[in-house]
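Novice: What follows is a single structure, and I will ask about it in a moment.
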Amino acid sequence: MRHLTTDELNAGLPDVEGSPNDGGTVEMIVRRPAVDGREVVDAGELVVGEGLAGDNYVARGSSRTPDGLAHPEAQLTLMNSRAVDLVADGARSRWPLAGDQLFVDFDLSAANAPTGTRLAIGTAVVEVSAKPHTGCAKFRERYGVDAARWVNSRDDLRLRGINAIVVESGTVRTGDTIKKLA
């Protein structure tokens, strides 16, 4: 698969920045039942303390917590659908490789959705956590070195996406609207 250059990624940035700042849309939901496993679903249950039901978030744990348990501020990850579409060179089938659960047409920038912002998604509510979400070695392998650098280059835009905490359990479906609550 072709990997885009930094210049190509920068050329697509205006489209990413044009994402709605409220009233965005859930474009794709992806469950990770096992490491490197991906399952695109039309609907999912977001559960307080667990994230997306059927995802391996809790079972996988984290090497970044002292006790090895799942990081409490990384129950769920959201990535801008325009950004993932750009790094995937327009191949929607490659979006799940990013490893995020929700791909949304929504402005996830720090200015629009700062830490603590609550988002209503379907019948669930999530809160943007303080834990940064950055491109890792797997992201670099799947989308290229330039893409990994690019998504990590602008902390203010959060091109790699955000971590979130489920604060009210509920159902989320592809096509659901995302609304800022606070």
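All of the numbers you see were taken from the coordinates with simple rules; none came from a lab. What you see is a predicted model; the values in this text were computed from it and never measured. In this analysis, Cβ positions are derived from the backbone assuming ideal geometry, glycine residues included, and neighbour counts consider all displayed protein chains.
Novice: With Cβ to Cβ distances under 12 Å as the rule, what net charge do the other residues near Pro72 carry (K, R +1; D, E -1)?
Specialist: -2
Novice: For segment 118-144 and segment 93-112, compute the distance between their C-alpha centroids and round to whole Å.
Specialist: Centre-to-centre distance over Cα atoms comes out at 6 Å.
Novice: Then there is this: Segment 76-182: percent of C-alpha pairs farther apart than 18 Å?
Specialist: Numbers: 2489 of 5671 pairs.
Tail of the P(r) past 18 Å holds 44 percent of the pairs.
Novice: Please report the relative contact order for the chain, taking Cα pairs under 8 Å with a sequence separation of at least 6, and give it as a percent rounded to a whole number.
Specialist: Relative CO of the chain lands at 33 percent.
Novice: Excluding Asp42 itself, what net charge comes from residues whose Cβ is under 14 Å from its Cβ, given Lys and Arg +1 and Asp and Glu -1?
Specialist: -2
Novice: Sort Asp100, Asp22 so that the residue with the fewest other Cβ atoms within 10 Å of its own Cβ comes first and the one with the most comes last.
Specialist: In increasing order of surrounding Cβ atoms, one gets Asp22, Asp100.
Novice: Counting other beta carbons within 10 Å of each Cβ, put Val125, Val84 in order, fewest first.
Specialist: In increasing order of surrounding Cβ atoms, one gets Val125, Val84.
Novice: Take Leu157, Leu52, Leu13 and order them by how many other Cβ atoms sit within 10 Å, fewest up front.
Specialist: Lowest to highest Cβ neighbour count: Leu13, Leu157, Leu52.
Novice: Quick one: net charge of Ile29's neighbours, Cβ under 12 Å, K/R +1, D/E -1?
Specialist: -3
Novice: Using a 10 Å Cβ count of at most 12 others and DSSP loop calls, identify the longest part of the chain lacking such trypsin sites (Lys or Arg not before Pro). Let's see the in-between values first.
Specialist: Numbers: sites that count: Arg2, Arg64.
Excluding the exposed sites themselves, the longest stretch runs over 65-182.
Novice: At 7 Å along Cα-to-Cβ for each site, give me the label-to-label distance between Asp155 and Ala91 in nm.
Specialist: 3.3 nm
Novice: Once the Cα gyration tensor of the chain is found, what semi-axes does its equivalent ellipsoid get, as square roots of 5 times the eigenvalues, in whole Å, sorted largest first?
Specialist: 23, 19, 16
Novice: Hey, another quick one. Count the DSSP beta bridges whose two residues both fall in the chain, then state the antiparallel fraction as a percent rounded to the nearest 5.
Specialist: Working: 29 of 32 bridges.
Of those bridges, close to 90 percent are antiparallel.
Novice: Once every DSSP H run of n ≥ 4 in the chain is given -39500 (n - 2.57) and the sum is divided by its residues, what mean residue ellipticity at 222 nm do you get, rounded to the nearest 500 deg cm²/dmol?
Specialist: Numbers: 5 runs with 39 residues, N = 182.
Mean residue ellipticity at 222 nm (helix-derived): -5500 deg cm²/dmol.
Novice: What spacing in nm lies between the two simple spin-label points modelled at Asp36 and Asp15, each 7 Å away from Cα in the Cβ direction?
Specialist: 3.0 nm
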